[in-house]
Amino acid sequence: MKLRTCVSPEGRFVFGVHQPEFTANNYRSSDAVEPLGELPDGNAHTNTANFPPGDVHEPEGTWIYEVPNALPFRGTTYIGKAWADARANDPEAIALPKAPAVSFSSGQPDQRSANSAIHQLPRPLQLALAVSSTDPRDLCCLAHLACTFCMDTQGNRPQGLAFARQPDGRIKAKITDDALFDAVANNRHLPDDYKVAMVLRPGVQGGSEIMGEWPNTGSHVFEYLRRNSYIPWGHYAANMADGDVRYRVRDLSLQDMTGMRHLYYQRTYIRLANLLNLPRVANRRPLTGSEMEILRQHIVTKLRQKKNHRFQPGIVGMELRVRLRPQRISAACLPPADSSAVCVDSGNRTGGGGRRCLTGLCMRRSGGRFRQGVPEDHRKTLF
């Protein structure tokens, strides 16, 4: 099966370049020309450009790079050449701007007044403050709005959440606003004892069993089993333990990544060994690196002895979390279907017929236009 990827079999980076040329037919029936404001000289500035009298022809649009992801199942990225060239000259320009410090409480005469004002905010503003604030005072106030805590004897610090038994017998935390709860709990500026009480302590988010562990000092990782998941043969997730809080990628250490990697390989090898009916390895403790290597060798030997094994495939994925942001979300459009195009192989430009250039996603001329040549296999699900 041919795959769409930016890595050629020769190890070269390959991509496509669209040189758009198109005509947009005009089906508008009226002109709504009106002034938008005034120029410095007092003359009116109108929206005439938005209402062309006839069809619009674009003879030479902005070039577009088409880059299949190195991993075929991740799809394809389209990038404007001007934008890409500017970032190539200044790579740091691609970084997200540093979030400014935001504090609602600092604008109030005292904390009691701040808490009262936060309570009276419309809910959309409370959600916006929950994701934007960098002031722990704001976030603690919002946390108490979202759920009920069990506080220490002084009533200052949270010890856990209040729970209640549901009519069906289940025990659930007393959360009054799920969206606000999630927004506050995922803000790294929330004090750690609140994070632990709300989402990090094992069991506070449900009864998922902990089936593996990387118990190193300063880098403690739990492996959770999610029974009722979209993965039908068992879903395992490695999460940092509640004693080692990590809310940013930069906070992860090499030991953290080593622990997560160890748990992934450990679970994969044990699962394969069980499917191959190999003797069960010791449990109730993590396997050592040497034990995992021995197990890997046994698996390889078994696979060579017997052919036609049927395995359920494994899935490695990432979780995408939606953050509530007080801002607009916009979408990008794909290049027009009748764009002219060239294929590029590590800087060597060829005509549109060079199928090898895009390793399975190239442009070919058809009826005066360049069209994508997508093999039938590419349309099949990759599971």
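Does any residue of region 143-161 turn out to be under 30 Å from residue 284 (Cα atoms), surrounded by 14 or more Cβ atoms within 10 Å (Cβ to Cβ) and in contact with a Cys (Cβ under 7 Å, 6 or more places away or on another chain)? It would help to see each step written out before you state the result.
Here is the first cut: in region 143-161, the ones under 30 Å from residue 284 (Cα atoms) are 159-161.
Still in the running and surrounded by 14 or more Cβ atoms within 10 Å (Cβ to Cβ): 160-161.
Applying the additional criterion that residues be in contact with a Cys (Cβ under 7 Å, 6 or more places away or on another chain) yields 160-161.
Yes, region 143-161 has at least one match.
What is the number of the single condition among (1) touching a Gly at 6+ places or on another chain (Cβ under 9 Å); (2) among the aromatic types (Phe, Trp, Tyr); (3) not in a strand (DSSP E or B) that residue 230 does not meet?
Of everything listed in (1) touching a Gly at 6+ places or on another chain (Cβ under 9 Å); (2) among the aromatic types (Phe, Trp, Tyr); (3) not in a strand (DSSP E or B), residue 230 misses just condition (1).
Out of the residues in region 222-246 meeting the condition of being aromatic (Phe, Trp, Tyr) and crowded, with 16+ Cβ neighbours inside 10 Å, tell me which one is nearest to residue 195 (Cα to Cα).
Applying the filter and picking the extreme gives 222.
Can you name every residue in region 202-216 that is in contact with a helix residue (DSSP H, G or I) (Cβ under 9 Å, 6 or more places away or on another chain) and part of a loop (DSSP other than H, G, I, E, B)?
204, 205
Tell me, which residue of region 1-20 that is among the charged types (D, E, K, R) and touching a residue at least 40 places away in the same chain (Cβ under 8 Å) is nearest to residue 61 (Cα to Cα)?
Here is the first cut: in region 1-20, the residues among the charged types (D, E, K, R) are 2, 4, 10, 12.
Right, trim to touching a residue at least 40 places away in the same chain (Cβ under 8 Å) and you get 2, 4, 12.
Numbers: 2: 31, 4: 26, 12: 28 Å.
Filtering first and then ranking leaves 4.
If I filter region 254-271 for residues that are outside any helix (DSSP H, G or I) and surrounded by 14 or more Cβ atoms within 10 Å (Cβ to Cβ), do I get at least one hit?
Within region 254-271, none of the residues are outside any helix (DSSP H, G or I) and surrounded by 14 or more Cβ atoms within 10 Å (Cβ to Cβ).
Taking residue 88, is it surrounded by 10 or more Cβ atoms within 10 Å (Cβ to Cβ), more than 22 Å from the chain's Cα centre (by Cα), modelled with pLDDT under 95 and under 21 Å from residue 12 (Cβ atoms)?
So residue 88 fits the description; yes.
Scanning for something surrounded by 15 or more Cβ atoms within 10 Å (Cβ to Cβ) and either at pLDDT below 95 or touching a Lys or Arg at 6+ places or on another chain (Cβ under 6 Å) (or both), does region 48-61 turn up at least one residue?
Yes: one or more hits.
The values are calculated or read from the model by the stated rules, or taken from the named source; none is laboratory data. This structure is a prediction, so every number in the text was calculated from the model and none was measured. As a convention, Cβ positions derive from the backbone with ideal geometry for all residues, glycine included, and neighbour counts pool all protein chains shown.
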